[in-house]
Amino acid sequence: MKTILNIIWLVLCGFWMCLGYLLAGVLLCVTIIGIPFGVAAFRIGLFALWPFGYTAVERPGAGAPSFVANVLWLILAGWWLALGHVLTGIALLVTIIGIPLAFANFKLIPISLMPLGKEIVPTDQRFGMR
């Protein structure tokens, strides 16, 4: 089921959302200071390309520096990307087949707002191994 949802996701919105993250990542990598933000955008872009079967969890040991970086991310790129997820999710809610895809879009909003200090792991990975 994950594969079918991922393929439908890829066709309807995943490719375009991934392109948005890639564009944000390239723009953020223009400066040396923005490279960590660009890497985070690339990481989330891959997650946005194929979201079913993966989840974002807090990375142990990510403290105050990741919080400060997340505030900068929110100002520079996060709210634009989150707005893209909100608009795409609302558009997908119009159709019955798009409802699970809309919820996947809404699942990506928190990580698009505050991506630093999180890691993407498979959902079938044991909780103790995360």
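The values are calculated or read from the model by the stated rules, or taken from the named source; none is laboratory data. Note that the coordinates shown come from a computational prediction; the quantities given were computed from them, not determined experimentally. Note: ideal-geometry Cβ built from the backbone for every residue, glycine included; neighbour counts use all protein chains shown. Each accessible area value is taken on the protein alone, full model and side chains, heavy atoms only, with ligands, DNA and RNA left out. Shrake-Rupley method; radii C 1.70, N 1.55, O 1.52, S 1.80 Å.
Extension gain, Ile75-Thr3: 0.36 nm per intervening residue step, less the Cα-Cα distance, totals 22.5 nm. Report relative contact order for region 1-91 in percent, whole number only (criteria: Cα-Cα under 8 Å, sequence separation at least 6). Reported relative contact order: 32 percent. For the chain, the mean residue ellipticity at 222 nm estimated from helices alone is -18500 deg cm²/dmol, where every DSSP H run of n ≥ 4 contributes -39500 (n - 2.57) and the total is divided by all residues, rounded to the nearest 500.
For Lys118, the residues whose modelled amide H falls within less than 5 Å of its own, excluding neighbours fewer than 5 places apart on the same chain, are Arg59. Computed about its Cα centre, the charge dipole of the chain is approximately 160 debye, with only Lys, Arg, Asp and Glu carrying charge at their Cβ. Using the charge dipole of the chain (Lys, Arg: +1 at Cβ; Asp, Glu: -1 at Cβ; taken about the Cα centre), state which of Cys13, Leu87, Thr123 has its Cα farthest towards the positive end. Sorting the options by dipole projection puts first Thr123. Heavy-atom accessible area per residue, region 27-130, 1.4 Å probe: how many Å²? Here the residues of region 27-130 average 57 Å² of exposed surface.
For the ranges 77-85, 9-17, what's the packing order if you count other beta-carbon atoms within 10 Å of each residue, average per peptide, and put the highest first?
77-85, 9-17
Against the chain, whose longest principal axis is taken from its Cα atoms, helix 99-113 shows a tilt of about 0°.
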